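Student: If you scroll down you'll find the structure; I have some questions about it.
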Amino acid sequence: MAIADLRKDYTLGSLHRASLAADPMAQFQHWFADATAVKSPGGWLRRVAIGLYKWWLVVLGAKPVDPNAMALATVDPDGQPSVRTVLLKGVDERGFLFFTNYESRKGRELDGNPRAALVFYWSDLERQVCVSGRVSKLTAPESDKYFQSRPRGSRIGAWASAQGEVVPNREFLEARWKEIETRFPKDVPLPPFWGGYALAPERIEFWQGRASRLHDRFNYVRDANGHWNLERLAP
Ligand SMILES: Cc1cc2nc3c(=O)[nH]c(=O)nc-3n(C[C@H](O)[C@H](O)[C@H](O)COP(=O)(O)O)c2cc1C
């Protein structure tokens, strides 16, 4: 099938102003719970329909999606954007939390310009959330707390990989990993170049696919007083 012929109609749900939370972070939490299948949106009939749909995907052997995977866009000093997937590791009053190598491309770009954007796409719910705002670094103790919760292999991996640097081959990486494993036979400390960020949202848009491309889009924008204003956008 030609790429141009790939198309689907979005019919799973709808979004109404009256059903949206006043606080977009609360709204995000509702949608995130739906995406992790803790509960499904809508009335009982829709919940049953989505439950059956998800069960059917399991029967078909479809891989579960990563509901906390998000695209993170950053910008370099020339205004050139770059984007990659990272995992959401928490949501609190500071915003959206994620962890990475501070010396990676994204880390360097965020050092130079803290403005960033995130996109979540939950295809099984026909939903998208777009976020933009500014990041700040988490404290080292907070990053350490999360770092120590990771499997030992991942902690060694963080030390072993100078994320984004050109390496000669796979063997180089594996040798480096073994070297670090020997260096830290027990505890693996937090690398000084690794940690978390919080992205404080200034704009959060919720998109629910609808039939005939007449999707529902609601956009929360924070004003200078920190109040959230909600507007419907044309799809
Ligand atoms: C599903 C998925 C989850 C990922 N999660 C993270 C993450 O949480 N942190 C991270 O640094 N990289 C993560 N990565 C790798 C990044 O996409 C990227 O390759 C890496 O961070 C280097 O990006 P940069 O060179 O643009 O800084 C993930 C990749 C995928 C596909």
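Student: List the number of the failed condition for A26; all other conditions in (1) modelled with pLDDT of 90 or more; (2) in contact with a strand residue (DSSP E or B) (Cβ under 9 Å, 6 or more places away or on another chain) hold.
Tutor: Unmet for A26, out of (1) modelled with pLDDT of 90 or more; (2) in contact with a strand residue (DSSP E or B) (Cβ under 9 Å, 6 or more places away or on another chain): (2).
Student: Looking at G226, G164, can you tell me which residue is at pLDDT below 95 and not acidic (D, E)?
Tutor: Numbers: G164 fails: at pLDDT below 95.
Going through G226, G164 in turn, the sole match is G226.
Student: Got a number for residues in segment 76-120 being of a type outside the set (D, E, K, R) and either open to solvent by 50 Å² or more (accessible area, probe 1.4 Å) or in a loop (DSSP other than H, G, I, E, B) (or both)?
Tutor: Number satisfying all stated conditions: 14.
Student: Quick check on my filter: what residues within segment 126-168 are in contact with a Phe, Trp or Tyr (Cβ under 8 Å, 6 or more places away or on another chain), of a type in the set (G, A, S) and under 30 Å from L20 (Cα atoms)?
Tutor: S136
Student: Any chance segment 157-171 includes a residue that's over 13 Å from the mean Cα position of the chain (by Cα) and assigned to a strand (DSSP E or B)? I'd like the intermediate steps shown before the answer.
Tutor: From segment 157-171, those over 13 Å from the mean Cα position of the chain (by Cα) are 157-171; that's our starting set.
Remaining after also requiring assigned to a strand (DSSP E or B): none.
No, segment 157-171 has no match at all.
Student: Okay, moving on. Identify the single condition in (1) open to solvent by 70 Å² or more (accessible area, probe 1.4 Å); (2) in a loop (DSSP other than H, G, I, E, B); (3) under 29 Å from P201 (Cα atoms); (4) at pLDDT 80 or above that A18 does not satisfy, given that it satisfies every other one.
Tutor: (2)
Student: Pairs please, first residue from segment 216-234 and farther than 22 Å from L125 by Cα and of a type in the set (F, W, Y), second anywhere and in a strand (DSSP E or B) and open to solvent by less than 80 Å² (accessible area, probe 1.4 Å), Cβ atoms under 6 Å, 6+ apart in sequence or on different chains.
Tutor: Every condition considered, the pairs that remain are W228/Y220.
Student: Just the residues that are of a type outside the set (A, V, I, L, M) and open to solvent by less than 50 Å² (accessible area, probe 1.4 Å), please, taken from segment 189-203.
Tutor: Filtering segment 189-203 for residues of a type outside the set (A, V, I, L, M) gives 189, 191-197, 201-203.
If the condition is that a residue be of a type outside the set (A, V, I, L, M) and open to solvent by less than 50 Å² (accessible area, probe 1.4 Å), then P191, F193, W194, G195, G196, Y197, P201 are the ones that fit.
Student: Of the conditions (1) surrounded by 15 or more Cβ atoms within 10 Å (Cβ to Cβ); (2) in contact (Cβ under 8 Å) with a residue 24 or more places away in the chain, A160 fails just one. Which one is it?
Tutor: A160 satisfies all of (1) surrounded by 15 or more Cβ atoms within 10 Å (Cβ to Cβ); (2) in contact (Cβ under 8 Å) with a residue 24 or more places away in the chain except (2).
Student: Of all residues in segment 176-188, count the ones that are assigned to a helix (DSSP H, G or I) and open to solvent by less than 60 Å² (accessible area, probe 1.4 Å). Before you say what the answer is, go through the steps one by one.
Tutor: Residues of segment 176-188 assigned to a helix (DSSP H, G or I): 176-183.
With open to solvent by less than 60 Å² (accessible area, probe 1.4 Å) added as a condition, the list becomes 180.
Counting residues in segment 176-188 that are assigned to a helix (DSSP H, G or I) and open to solvent by less than 60 Å² (accessible area, probe 1.4 Å) gives 1.
Student: A further question on this structure: Identify all residues within segment 92-112 that are in contact with a strand residue (DSSP E or B) (Cβ under 7 Å, 6 or more places away or on another chain) and away from the ligand (no atom under 11 Å from the Cβ); write none if there are none.
Tutor: In the first step, residues of segment 92-112 are kept if they are in contact with a strand residue (DSSP E or B) (Cβ under 7 Å, 6 or more places away or on another chain); the result is 94-102, 105-107, 109-110.
If the condition is that a residue be in contact with a strand residue (DSSP E or B) (Cβ under 7 Å, 6 or more places away or on another chain) and away from the ligand (no atom under 11 Å from the Cβ), then R94, G95, F96 are the ones that fit.
Student: Select from segment 204-228 the residues that are touching a strand residue (DSSP E or B) at 6+ places or on another chain (Cβ under 8 Å) and open to solvent by 40 Å² or more (accessible area, probe 1.4 Å) and list them in ascending order. Working first, answer last.
Tutor: Looking only at segment 204-228, we keep the residues that are touching a strand residue (DSSP E or B) at 6+ places or on another chain (Cβ under 8 Å), and these are 204-210, 215-223, 228.
Within segment 204-228, R210, R217, V221, R222, D223, W228 meet the criteria.
The values are calculated or read from the model by the stated rules, or taken from the named source; none is laboratory data. Keep in mind that what you see is a predicted model, and the values were worked out from it rather than measured. Note that we place each Cβ from the backbone using ideal geometry, even for glycine, and neighbour counts take in every protein chain shown. In case anyone asks, the SASA skips ligands and DNA or RNA and just uses the protein heavy atoms, side chains included. Shrake-Rupley method; radii C 1.70, N 1.55, O 1.52, S 1.80 Å.
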